[in-house]
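What follows is calculated from the coordinates using simple rules that are stated; it is not laboratory data. Since this is a predicted model, take the numbers as computed values, not measurements. Ideal geometry is used to build each Cβ from the backbone, glycine not excepted, and the neighbour counts take in all protein chains shown.
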Amino acid sequence: MHVLQSANLIAILPDAATVASLKPDIARIKSLPGGAVIVTAAGGDGVDITSRIFAPGYGIDEDPVTGALHTQVVPYWAEKLGRTTLTCRQASARGGTMICELHGDRVHMSGTAVLYAAGRLRVPV
């Protein structure tokens, strides 16, 4: 296992199956520095990388699919894999797949989404 330096802890695991099968101790993760623990590995089910994020420090035991995770791991994997466009799978219970493109210090993401909430914000003038 390799650990990257970030505001969150990031662990590079040996394979996607290990990432998918993790059963983390959320209370223990909450006691660690940073707000979250990201686990990631190359490959898995026809994708370039597989990842998960456990963020009890932010009030989320496991985020099902998040762009924030990919902004942190895509630069690492783009360098390791020698490509700037990667297919990424988040292996949470709900799961999701995104296409992520590294453009300098930015990660552009695309894919399908599920509407989580709708609302209206009224700003007084």
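Couple of notes before you dig in:
- Three-way shape label, the chain, alpha-carbon gyration tensor, a/c 1.5: oblate
- Between ALA68 and ALA118, the simple label model (points 7 Å from Cα in the Cβ direction) yields a spacing of 2.6 nm.
- Based on C-alpha pairs under 8 angstrom that are at least 6 apart in sequence, the chain has a relative contact order of 18 percent.
- Looking at the chain, the DSSP beta bridges with both ends there are about 75 percent antiparallel.
- Rounded to the nearest 20 debye, the dipole size of the chain about its Cα centre is 340 debye, using +1 on the Cβ of Lys and Arg and -1 on the Cβ of Asp and Glu.
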